[in-house]
1. Carbon and sulfur: what percent of the chain's accessible surface (1.4 Å probe)?
2. Using Cα pairs closer than 8 Å and at least 6 residues apart in sequence, work out the relative contact order for the chain, in percent.
3. How long are the semi-axes of the equivalent ellipsoid of segment 182-225, defined as square roots of 5 times the Cα gyration tensor eigenvalues? Whole Å, largest first.
4. Arranged from highest to lowest average of other beta-carbon atoms within 10 Å per residue, in what order do the peptides 156-164, 206-214, 335-343 appear?
5. Given a 1.4 Å probe, how much area per residue of the chain is accessible, in Å²?
6. Can you tell me what the convex hull of the Cα atoms of segment 283-332 projects to on average, as an area in nm²?
7. Kirkwood Rh, Cα Rg: Rg to Rh for segment 49-188?
8. At what distance in nm do the modelled label points of D366 and L14 sit from each other, each positioned 7 Å from its Cα along Cα→Cβ?
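The values are calculated or read from the model by the stated rules, or taken from the named source; none is laboratory data. Note that this is a predicted model, so its numbers are computed, not measured. Note that we place each Cβ from the backbone using ideal geometry, even for glycine, and neighbour counts take in every protein chain shown. For the accessible areas, the whole protein counts, side chains as well, though only heavy atoms, and no ligand, DNA or RNA atoms are used. Shrake-Rupley method; radii C 1.70, N 1.55, O 1.52, S 1.80 Å.
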Amino acid sequence: MTLEDEARRELRELEAVHRLRVPRVLDGAQGARVTIDGVAVINFASNDYLGLANDPRIRSAMASSLDEDGAGAGASRLIVGNHRRHVALEAAVGDWLQRDGVRLFNSGYAANVGVLSSIARAGDVVFSDELNHASIIDGCRLSRAEIVVYPHRDLAALEHALASHRGARRIVVSESLFSMDGDLADVAALATLCRQHDAAFVLDEAHALGVVGVEGRGVAATAGVVPDVVVGTFGKALGTFGAFVASSRGVADLLWNRARSLVFSTGMPPSLAAGTTAAIECVRGSDGDARRRTVIGHARRLRAYVPALGGDVDSPIAPLLVGDDRRVMMLMAELLEAGVFVQGIRPPTVPVGTARLRISVSAANDAQQLETLATSLGNAMRQND
């Protein structure tokens with residue numbers, strides 16, 4: 001049997017259990033309304049939480065840099081691609097999060113894989129929440145450290161694991177706002193356990209930065225916690241693309257030498273770095289405050305309309321647990337017919353038996369769109385009972 005035959009056989013198997021992934025095509029700019037596969041719909045699937053993905057201030061900064069700096073970085077940053085725009089963006093992130101060392105990565109996946117495989121190695125022990133993102137899981141595996149997975153947000157289980165597993169070094173890694181469940185880690189308690197058991201603390205703030213806390217600095221800053229490493233992304237609330245690791249200067253400099261996903265990747269386009277620097281200014285300012293109030297208000301209002309939605313009350317991520325893979329895709333199709341786009345999430349992205357509609361709200365949405373979503377969701381659920 002050829003490789004093509006094997007691939008098609010596996011695709012048929014996935015389709016039979018309603019887990020075949022087929023990407024849809026978006027036309028035009030990201031926003032509260034988008035065109036998916038040629039059909040105009042209200043968008044409740046994006047991570048553009050503050051509605052900045054098409055902001056004119058960011059577009060202007062990118063266009064200006066594109067004219068001045070060209071299209072591409074030309075090489076990895078350690079060769080000839082270390083543009084002044086990259087350096088300025090790292091400084092902007094450091095000032096925003098009050099950290100001494102920042103390194104840019106081309107995606108959140110690259111950031112988690114790069115930092116975890118750099119700071120952990122054989123002989124160490126990494127303690128990872130069971131619902132951590134796939135990029136964290138893969139970073140742990142690549143590190144070759146021993147991996148201890150503790151039940152989701154179970155502090156007692158983590159404390160027991162820390163007391164039971166010794167290694168050359170120990171590292172606790174967690175998301176702050178979990179991407180598929182919309183719930184928050186108890187970051188203050190995690191930091192306390194790390195201090196008590198002499199463990200380093202790595203926190204992925206990808207879905208919280210921009211949305212949570214003063215100036216959108218995230219869950220850790222709101223809790224008065226300074227993790228050893230913070231991973232963040234620009235492609236969600238900041239509306240652009242790419243990611244970063246914020247840490248001490250020594251850890252940041254180590255990444256130049258050990259993080260393969262940084263060392264062996266072409267630098268992000270300078271125009272993208274310029275646009276993201278402008279996005280940070282937007283997030284930190286009064287407009288950012290207003291957008292945070294709006295998206296949190298939307299999150300609360302939506303949960304009042306649909307009490308079955310999960311996640312923290314102030315989280316823009318509001319999952320509706322369905323369970324059955326086939327049913328979640330039928331609900332998604334019903335919503336699309338009603339002009340509402342919500343993504344159905346199935347294993348292996350989430351555990352077996354926990355398929356869900358992952359609803360996410362944006363500051364770009366309005367009250368009428370929330371009501372349309374709630375009404376359409378109620379109708380779809382009744383039709384699929």
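1. Working: 8830 of 16980 Å².
Percent of accessible area from carbon and sulfur atoms in the chain: 52.
2. Details: 792 pairs, mean separation 86.8, N = 385.
Relative contact order of the chain: 23 percent.
3. Values: eigenvalues 82, 20, 14 Å².
One finds semi-axes of 20, 10, 8 Å for segment 182-225.
4. Numbers: 156-164: 15.3, 206-214: 26.0, 335-343: 19.3.
Final packing ranking: 206-214, 335-343, 156-164.
5. Values: 16980 Å² over 385 residues.
Here the per-residue accessible area is 44 Å².
6. Working: hull surface 17.1 nm².
Across all orientations, segment 283-332 yields a mean hull projection of 4.3 nm².
7. Numbers: Rg = 18.7 Å, Rh = 17.7 Å.
Across segment 49-188, the Cα-based Rg/Rh ratio is 1.05.
8. In this crude label model, D366 to L14 measures out at 3.9 nm.
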